[in-house]
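The values are calculated or read from the model by the stated rules, or taken from the named source; none is laboratory data. These numbers were taken from a predicted model, which means no experiment stands behind them. Glycine gets a Cβ as well: all are built from the backbone with ideal geometry, and neighbour counts include every protein chain shown. When the accessible area is computed, the model is the full protein with side chains, heavy atoms only, and any ligands, DNA or RNA have been set aside. Shrake-Rupley method; radii C 1.70, N 1.55, O 1.52, S 1.80 Å.
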Amino acid sequence: MRVLVDGDRGYIGAVLVPFLQEAGHEVVGLDAGWYDGCDFGPQPGGYEQRTGDIRDVVPADLEGFDAVVHLAAISNDPIGHLNPGATYSVNAEGAVHMARAAKAAGVERFLFSSSCSLYGAGGDAPVAEDGDFNPVTPYGESKVMAEQGISPLADASFSPSYLRNATAYGSSPRLRADIVVNNLTGTAFTQGQVRLQSDGSPWRPLVHVEDISRAFLAVLEAPREAVHDQAFNVGRDEDVVQIRTIAEQVSEITGAPVSFAAGAGPDARNYQVDFTKIRSVLPAFAPQWTVPDGIREIWRDAGERGLTTDDFEGPRFVRLRKIQELASAGRLDLATLRTP
Ligand SMILES: NC(=O)c1ccc[n+]([C@@H]2O[C@H](COP(=O)([O-])OP(=O)(O)OC[C@H]3O[C@@H](n4cnc5c(N)ncnc54)[C@H](O)[C@@H]3O)[C@@H](O)[C@H]2O)c1
């Protein structure tokens, strides 16, 4: 298939693109390039990389593609809090705009990178795809708005799917330090401590970035009727864990003791997710990573690639810091999240 991947130069994109290429698909990327240079090892190549804003895409840009994989977004809560209006503009309106343009261009498949965070404060029982949405942040709300805006476009010639990814972990050529497993492991490496920002009680579903790529590939290659206008929680039941369990695993593997940041309290983002549907509807999706293996992978790469505290806590690997750096340099307008 000929696939346009937007957001290809981010954390997931840098793992997903080679994965799709190895499966024989032709990839073209489209990215605003916010994190260009925020490298952790060699970058993927061998494909056309376009630079631009998804909000400016017109149908002609998408002609000739069999599928669009839509990753481009403000990818976490802290940036979402900076300016909720701009987050909705990219994550909700931008996503619906891309889906409309894809449909107008005759693209048949649209894979939207959604998030389990749309379940938000989920209560004690694991939530399946038909569960209620309770987003507790503008980021989570933006994913609900996007799915609800894209779904009415589904028809006989346009099949959107919504991959509600658990929180990702694992190494990537565009590493992120602001997601929990990576954060705890990187802090163990750079500080010699597993430093918890909350009291460790919240439940969080986790999935390795390569297994997210496996899910995208499985949806892309699935028969249309299996994925048409369908949502899938992407992860594994075994990897729905409390933050304190992750901290203990990191501590066991790295030897660094667990400590609590000043004022660490509970976290409103607390949810358990049910992953039965993806297993039963998409048997081709076979996740291969466990959280301990992911911790060992990051630990190894941190050593081999010389991870420093400055990089781990600064703009190179913390998305919010990079956005703030681009804004102070006059290269990004925070009100619109556009290049001035
Ligand atoms: N990483 C996770 O834990 C996780 C979990 C669930 C869902 N997701 C979703 O998966 C997607 C990718 O996440 P990620 O972790 O790779 O994030 P990331 O921040 O590393 O990458 C996002 C990419 O999108 C690009 N981008 C942002 N706005 C753009 C715009 N308006 N036009 C063009 N490009 C733009 C950025 O330059 C960046 O390269 C996002 O939609 C995110 O919400 C991520």
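Can you find a residue that is over 30 Å from Thr51 (Cβ atoms), open to solvent by less than 80 Å² (accessible area, probe 1.4 Å), out of contact with any helix residue (DSSP H, G or I) (no Cβ under 6 Å at 6 or more places or on another chain) and part of a helix (DSSP H, G or I) anywhere in segment 249-265? The answer is yes; a qualifying residue exists.
Are any of the residues in segment 66-73 more than 11 Å from the ligand (Cβ to nearest atom), in a loop (DSSP other than H, G, I, E, B) and on the phi < 0 side of the Ramachandran plot? Yes, because at least one residue in segment 66-73 is more than 11 Å from the ligand (Cβ to nearest atom), in a loop (DSSP other than H, G, I, E, B) and on the phi < 0 side of the Ramachandran plot.
Taking the criterion of being within 22 Å of Tyr162 (Cα to Cα) and either of a type in the set (A, V, I, L, M) or modelled with pLDDT under 95 (or both), the residues of segment 284-326 that qualify are Ala284, Ala286.
For segment 39-57, the candidate set comprises residues that are within 11 Å of the ligand (Cβ to nearest atom) and part of a loop (DSSP other than H, G, I, E, B); within that set, the residue that is farthest from the chain's Cα centre (by Cα) is Val57. Does Gly140 meet the test of being open to solvent by less than 20 Å² (accessible area, probe 1.4 Å) and within 15 Å of the ligand (Cβ to nearest atom)? Yes: the conditions hold for Gly140. Within the set Ser117, Ser89, the sole residue that is in contact with a helix residue (DSSP H, G or I) (Cβ under 6 Å, 6 or more places away or on another chain), open to solvent by 10 Å² or more (accessible area, probe 1.4 Å) and near the ligand (Cβ under 10 Å from one of its atoms) turns out to be Ser117.
Quick check on Glu225: is it away from the ligand (no atom under 16 Å from the Cβ), part of a helix (DSSP H, G or I), over 21 Å from Tyr119 (Cα atoms) and not aromatic (Phe, Trp, Tyr)? Yes: the conditions hold for Glu225.
Checking each residue in segment 1-17 for being more than 13 Å from the ligand (Cβ to nearest atom) and open to solvent by less than 30 Å² (accessible area, probe 1.4 Å) picks out only Val3.
One residue stands out among those in segment 18-38 that are more than 12 Å from the ligand (Cβ to nearest atom) and not in a strand (DSSP E or B): the one that is least open to solvent (accessible area, probe 1.4 Å), which is Leu20. Scanning segment 92-114 for residues that are near the ligand (Cβ under 10 Å from one of its atoms) and within 22 Å of Ala168 (Cα to Cα) yields Ala95, Phe112, Ser113, Ser114.
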